[in-house]
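Participant: This structure is in structure tokens; I'll ask about it shortly.
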Amino acid sequence: MITPERGGRDDERRQSEQAQRALLLRTAEFLARLLDSAVRIPGTNLYVGLDPLLGLLPGIGDALANLIGSVILILAIRLNVPHATIVRMNLNLLINGVVGAIPVAGDAFSFWFRSNALNAALLVRAASDPTPRAEARDRLAVTLMVAGTLALLLAAIGIVMALCYAAWRLIAQL
């Protein structure tokens, strides 16, 4: 038998969990807006965020933008969204990171692709779905996959930086 006192604690715990979930979702949406559409370009209906702007900084900018974008993936893991959703989010981040590492063209791609907004929308949709959530084993696999993706992104950025440096040295010798 549930006593009124215990039922009240359960309600408080449930309300606290719902408030925490809402805060995590708002955080994901804030990060997506910051990275993909923070500032309106004057005279247009276009918005630009920190992701393509940070990408203009060779090497470190792309790494920093993708590191901030990976926070949305971490929020998805904390919210225990389905494995398939996290895989899609991870793929969006990987595509943006690899293509975004290409100087200038990658920044234009980041401006167009808006991977963080896509990931935030996927997260909100998955978090509002009442289907059963991932198990601890799935969470470990997804965490390892996200870590692997971040390592690949950093390696891709490093390779692009090394190629740009080699091209610069070659041009400087001419």
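The values are calculated or read from the model by the stated rules, or taken from the named source; none is laboratory data. Quantities reported herein were computed from a predicted structural model and do not represent experimental measurements. Here the Cβ is made from the backbone with ideal geometry for all residues, glycine too, and neighbour counts use every protein chain on show.
Participant: Inside region 40-66, can you point out the residues that are part of a helix (DSSP H, G or I) and surrounded by fewer than 14 Cβ atoms within 10 Å (Cβ to Cβ)? Walk me through it before giving the result.
Facilitator: Taking region 40-66 and keeping what is part of a helix (DSSP H, G or I), we get 50-54, 60-66.
Listed by number, the list holds a single entry, ILE60.
Participant: Also, quick follow-up: Would you confirm whether or not region 115-135 contains a residue that is part of a loop (DSSP other than H, G, I, E, B), at pLDDT below 90, farther than 27 Å from LEU23 by Cβ and hydrophobic (A, V, I, L, M, F, W, C)? Full working, then the answer.
Facilitator: Let us first name the residues in region 115-135 that are part of a loop (DSSP other than H, G, I, E, B), namely 128-135.
Filter once more, so that each one left must be at pLDDT below 90: 128-135.
Narrowing further to those that are farther than 27 Å from LEU23 by Cβ: none.
No: region 115-135 contains no residue that is part of a loop (DSSP other than H, G, I, E, B), at pLDDT below 90, farther than 27 Å from LEU23 by Cβ and hydrophobic (A, V, I, L, M, F, W, C).
Participant: Still on this structure, please answer the following. How many residues are part of a helix (DSSP H, G or I) and surrounded by fewer than 21 Cβ atoms within 10 Å (Cβ to Cβ) if we restrict to region 76-91?
Facilitator: Of region 76-91, the ones part of a helix (DSSP H, G or I) are 76-78, 83-91.
Of the ones still in play, those that are also surrounded by fewer than 21 Cβ atoms within 10 Å (Cβ to Cβ) are 77-78, 83-85, 87-88, 90-91.
Here the count works out to 9.
Participant: Further question on the same structure: What single numbered condition from (1) over 19 Å from VAL146 (Cα atoms); (2) loosely packed, with under 15 Cβ neighbours inside 10 Å fails to hold for ASP36?
Facilitator: (2) is the only condition that ASP36 fails.
Participant: I've got another one for you. Answer yes or no: is there a residue in region 49-63 that is touching a Phe, Trp or Tyr at 6+ places or on another chain (Cβ under 6 Å), within 28 Å of LEU154 (Cβ to Cβ) and not β-branched (Val, Ile, Thr). Step through it out loud before you land on a result.
Facilitator: Just the residues of region 49-63 that are touching a Phe, Trp or Tyr at 6+ places or on another chain (Cβ under 6 Å), to begin with: 52.
Restricting the remaining residues to those that are within 28 Å of LEU154 (Cβ to Cβ) gives 52.
Remaining after also requiring not β-branched (Val, Ile, Thr): 52.
Checked against the condition, which is being touching a Phe, Trp or Tyr at 6+ places or on another chain (Cβ under 6 Å), within 28 Å of LEU154 (Cβ to Cβ) and not β-branched (Val, Ile, Thr), region 49-63 yields at least one hit.
Participant: Which one is surrounded by the fewest Cβ atoms within 10 Å (Cβ to Cβ), of the residues in region 152-170 that are in contact (Cβ under 8 Å) with a residue 24 or more places away in the chain and small (Gly, Ala, Ser)?
Facilitator: Once the filter is applied, the top-ranked residue is GLY158.
Participant: Kindly provide the set of residues from region 75-126 that are β-branched (Val, Ile, Thr) and out of contact with any Leu (no Cβ under 6 Å at 6 or more places or on another chain), ordered by number.
Facilitator: The answer is ILE77, VAL81, ILE86, VAL87, ILE95, VAL98, VAL99, ILE102, VAL104.
Participant: Those residues that are more than 19 Å from TYR165 (Cβ to Cβ), of a type in the set (Gly, Ala, Ser) and in contact (Cβ under 8 Å) with a residue 12 or more places away in the chain, I need them from region 38-64; list them, please.
Facilitator: Within region 38-64, ALA38, GLY49 qualify.
Participant: Looking at region 110-117, can you tell me whether even one residue there is touching a residue at least 24 places away in the same chain (Cβ under 8 Å) and on the phi > 0 side of the Ramachandran plot?
Facilitator: Of all residues in region 110-117, those touching a residue at least 24 places away in the same chain (Cβ under 8 Å) come to 110-111, 114-117.
Now narrow it down to the ones that are on the phi > 0 side of the Ramachandran plot: 114.
Within region 110-117, one or more residues are touching a residue at least 24 places away in the same chain (Cβ under 8 Å) and on the phi > 0 side of the Ramachandran plot.
Participant: Of the conditions (1) part of a helix (DSSP H, G or I); (2) in contact (Cβ under 8 Å) with a residue 24 or more places away in the chain; (3) β-branched (Val, Ile, Thr); (4) within 20 Å of ASP36 (Cβ to Cβ), ILE102 fails just one. Which one is it?
Facilitator: (1)
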